[in-house]
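Below: the structure, in structure tokens.
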Amino acid sequence: MSQPPNQPYYAVESFEPMRSLGFLIKRCGALMAQIAENEFHSQPISFTQWIVLMKLRFHAHLSATQLSEEIGHDMGALTRLVDSLERSGFVRRERSQQDRRAVEITLTAEGRRQVEGSIHILVDMMNQLVEPFSSSEVDALIAQMQRMLAHLQNHIDGVHDPRPAAERPVSDFIKPTRPRRKVAASRTPRGKGAGGNS
């Protein structure tokens, strides 16, 4: 049943998990991660480690905070993850060129070879997962998810970027998702009017 114009889609009395975008996205993501971890059982790295390498493949330098936000790990778990990748020679920590006090994480040549050599595992898996759907259905789903991603990022940033998500750089979506600060309204001094004179 279609919604009347300007009518909110969700209602308190009819809200349920299986129609909640948040629940469906999170549950699909969790199941896909489980499947991917199984696919990576024969690899020298886990799927979670591969995700870190893949993030760095598309964005050469990321802070630990950015990586933590991106993969949904707390800083303690992320530190252990990066430590293991650094011991294996897949990543290295280095000082930021913009701020020498900050430390960024970047791929090594060996890390790049590892992540690129494993992409086929994810490609094969994703092709199996979308097999029940037509190409046009997959294209439509991806387009809608990209649009949702851009909408959520704009909401976090407090700005509106009219460009479609597919045309925006990956760096737009790889940054800490800190809540917006509320700017206090300026107060007019007592006894002063809008023009500054009473």
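Just for the range 121-155: of the residues that are surrounded by 14 or more Cβ atoms within 10 Å (Cβ to Cβ) and within 14 Å of the chain's Cα centre (by Cα), which one is farthest from residue 46 (Cα to Cα)?
154
Does the range 72-91 contain at least one residue that is in a loop (DSSP other than H, G, I, E, B) and touching a Gly at 6+ places or on another chain (Cβ under 8 Å)? Quick ask: steps written out before the conclusion?
If we filter the range 72-91 for residues that are in a loop (DSSP other than H, G, I, E, B), which is where we start, we get 72-74, 88-90.
Restricting the remaining residues to those that are touching a Gly at 6+ places or on another chain (Cβ under 8 Å) gives 89-90.
Within the range 72-91, one or more residues are in a loop (DSSP other than H, G, I, E, B) and touching a Gly at 6+ places or on another chain (Cβ under 8 Å).
Can you tell me which of (1) over 19 Å from the mean Cα position of the chain (by Cα); (2) under 22 Å from residue 145 (Cβ atoms) is the one residue 89 doesn't meet?
(2)
Before we move on, is residue 120 within 18 Å of residue 32 (Cα to Cα) and modelled with pLDDT under 95? Show your work before the answer.
Details: within 18 Å of residue 32 (Cα to Cα): yes; modelled with pLDDT under 95: no.
Answer is no for this residue.
Just checking, how many residues over the range 13-29 are surrounded by fewer than 11 Cβ atoms within 10 Å (Cβ to Cβ) and charged (D, E, K, R)?
2
How about the range 30-59: which of its residues are among the small types (Gly, Ala, Ser) and surrounded by 11 or more Cβ atoms within 10 Å (Cβ to Cβ)? Spell out how you get there, then give the answer.
First pass over the range 30-59, keeping only residues among the small types (Gly, Ala, Ser): 30, 33, 36, 42, 46.
Once the filter is applied, which keeps residues that are among the small types (Gly, Ala, Ser) and surrounded by 11 or more Cβ atoms within 10 Å (Cβ to Cβ), the range 30-59 yields 33, 36, 46.
Go through 96, 63, 118, 88 for me and flag whichever is loosely packed, with under 15 Cβ neighbours inside 10 Å and among the hydroxyl-bearing types (Ser, Thr, Tyr).
96
List the pairs whose first member sits in the range 95-113 and is closer than 12 Å to residue 62 by Cα and in the same structural domain as residue 54 (by TED's automatic domain parsing), whose second member is part of a strand (DSSP E or B) and among the aliphatic types (A, V, I, L, M), and whose Cβ atoms are under 9 Å apart, counting only residues at least 6 apart or on separate chains?
95/103; 96/103; 104/62; 105/62; 105/91; 106/62; 106/91; 107/91
In the list 49, 43, which residue meets the criterion of being among the polar types (S, T, N, Q), closer than 24 Å to residue 124 by Cα and without any contact (Cβ under 8 Å) to a residue 60 or more places away in the chain?
Details: 43 fails: without any contact (Cβ under 8 Å) to a residue 60 or more places away in the chain.
Step by step, each of 49, 43 is checked, and only 49 is among the polar types (S, T, N, Q), closer than 24 Å to residue 124 by Cα and without any contact (Cβ under 8 Å) to a residue 60 or more places away in the chain.
The values are calculated or read from the model by the stated rules, or taken from the named source; none is laboratory data. All figures in this text were calculated on a predicted structure; none of them were measured in a lab. Methodologically, a virtual Cβ is constructed for each residue, glycine included, from the backbone with ideal geometry; neighbour enumeration extends over all protein chains shown.
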